[in-house]
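Please treat every number below as a calculation from the coordinates, not as lab data. Keep in mind it's a predicted model, so treat the numbers as computed, not measured. Quick reminder, even Gly has a Cβ in these numbers, built from the backbone with ideal geometry, and neighbours come from all protein chains shown.
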Amino acid sequence: MFLTAAPEYHLGMLHLHSTSPERWLSQVDQNLNVILIDHAHCEQKAASTAMHLMFEYVENEELRDEMTEIIAEELEHFHMVLALLKQRNIRFYKLKPGTYGRKLMELCRRQEPHKAIDRLLIAALFEARSCERFVLLRDHLQDSQLSDFYGSLYESEARHHATYVRLAQSYGSVDAVNCRLEGLAAAEATVVADGCELPRVHS
């Protein structure tokens, strides 16, 4: 069974083909501390993704500028989650990655400019799914501090999603990029439906 999207956004805005299954919130309820730890790792990885894109496509001035902003924001969020963990006496430690990221990156084409398009669109889908799940956490968690925390974050994820989609369009026609995005989004929905036994933000 799948969850209902929050009213302030809809899946079309995020180019998602599915909502998260109820199974995921069960993982959250049973492993909340691990989900919080993984969230910190996700922010770290998001900053790293933006950094790699900035170095890989250094000739793209708009991309450089946007990645600089995203890196700063993701690192700010990383430190916010770390502070939350510290306040709750939750030790931050290395986690085994879930399967979501690997399965999406396996879809990335190898030749340019298709590679650039796919890397940017996959980053966009990461941000879209994070946005959707942060809203679910805001509405589901009984802990008011955490509910408020996730309510303060989801809009930035939606903004990053839109930025990555727009940047992908600098490497191909709008129609071609949108067509590829639809294909990747369909594959992402399958990955989400398959799930992951590890409790993760993107499991």
Open item on the list: Straight-line reach only, C-alpha to C-alpha below 15 angstrom: list the aspartates and glutamates that K103 could link to, leaving out same-chain residues fewer than 8 apart.
Closed with: D118, E188, D194, E197
TODO: Going by C-beta contacts inside 10 Å, put S156, S170 in order with the fewest on the left.
DONE: S170, S156
- [ ] For segment 75-87, take each phi angle, set θ = phi - 60°, evaluate the Karplus expression 6.51 cos²θ - 1.76 cosθ + 1.60, and give the result in whole Hz per residue in order, putting x for glycine and proline.
- [x] 5, 4, 5, 4, 5, 5, 5, 4, 5, 5, 4, 4, 4
TODO: Could you give the size of the charge dipole of segment 9-129 about its Cα centre, using +1 on the Cβ of each K and R and -1 on the Cβ of each D and E, expressed in debye and rounded to the nearest 20?
DONE: 840 debye
Open item on the list: If I stretch the segment between A72 and C179 completely, what's the gain in nm (0.36 nm per residue apart, minus their alpha carbon distance), one decimal?
Closed with: 35.5 nm
Open item on the list: Less than 22 Å apart at the alpha-carbon level, and either on another chain or at least 8 residues along: which lysines does that give for K96?
Closed with: K45, K86
Open item on the list: Using a 7 Å offset from the Cα along the Cα-to-Cβ direction at both C108 and V58, what is the distance between the two label points in nm, to one decimal?
Closed with: 1.9 nm
Task: Dipole axis of the chain (+1 Lys, Arg; -1 Asp, Glu on Cβ), positive-most option in H161, L16, A40 - done: A40
Task: Cβ-based charge dipole, segment 31-108, positive-most Cα from M67, M51, M105 - done: M105
Open item on the list: Quick check: the angle from helix 114-140's long axis to the longest principal axis of the chain, C-alpha only, nearest 10 degrees?
Closed with: 20 degrees
TODO: Among L198, F78, A123, pick out the residue whose Cα is farthest towards the positive end of the charge dipole of the chain, where Lys and Arg carry +1 and Asp and Glu carry -1 on C-beta, about the Cα centre.
DONE: L198
TODO: Taking the Cβ of each residue in T163, T68 as the centre, tally the other Cβ atoms inside 10 Å and list the residues starting with the fewest.
DONE: T68, T163
TODO: Measure nothing but the geometry: give the 0 to 90° angle between the long axis through the Cα atoms of 154-168 and the longest principal axis through the Cα atoms of the chain, rounded to 10°.
DONE: 20 degrees
Task: Equivalent ellipsoid dimensions for segment 30-108 as semi-axes, Å, which come from the Cα gyration tensor, largest first - done: 27, 17, 7
Task: For the chain, average projected area of the Cα convex hull in nm² - done: 10.7 nm²
- [ ] Grab the beta carbon distance between K94 and S26, set R0 = 25 Å, and tell me the FRET efficiency rounded to 0.05.
- [x] 0.55
Task: Local electrostatic count at R110 - Lys and Arg +1, Asp and Glu -1, tallied over other residues with Cβ under 15 Å - done: 0
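How much length is gained on full extension from L82 to A162, taking 0.36 nm per residue of separation minus their Cα-Cα distance?
This chain segment gains 26.2 nm when fully extended.
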Open item on the list: Please list, by residue number, every one of the chymotrypsin sites (Phe, Trp or Tyr not before Pro) in segment 93-165 that is coil in DSSP and has at most 13 other beta-carbon atoms within 10 Å.
Closed with: Y93
Task: Between segment 62-77 and segment 158-198, the alpha-carbon center distance in angstrom - done: 19 Å
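Suppose R0 equals 30 Å. What FRET efficiency, 1/(1 + (r/R0)^6) with r the Cβ-Cβ distance, do N33 and K115 give to the nearest 0.05?
Efficiency, rounded to the nearest 0.05: 0.20.
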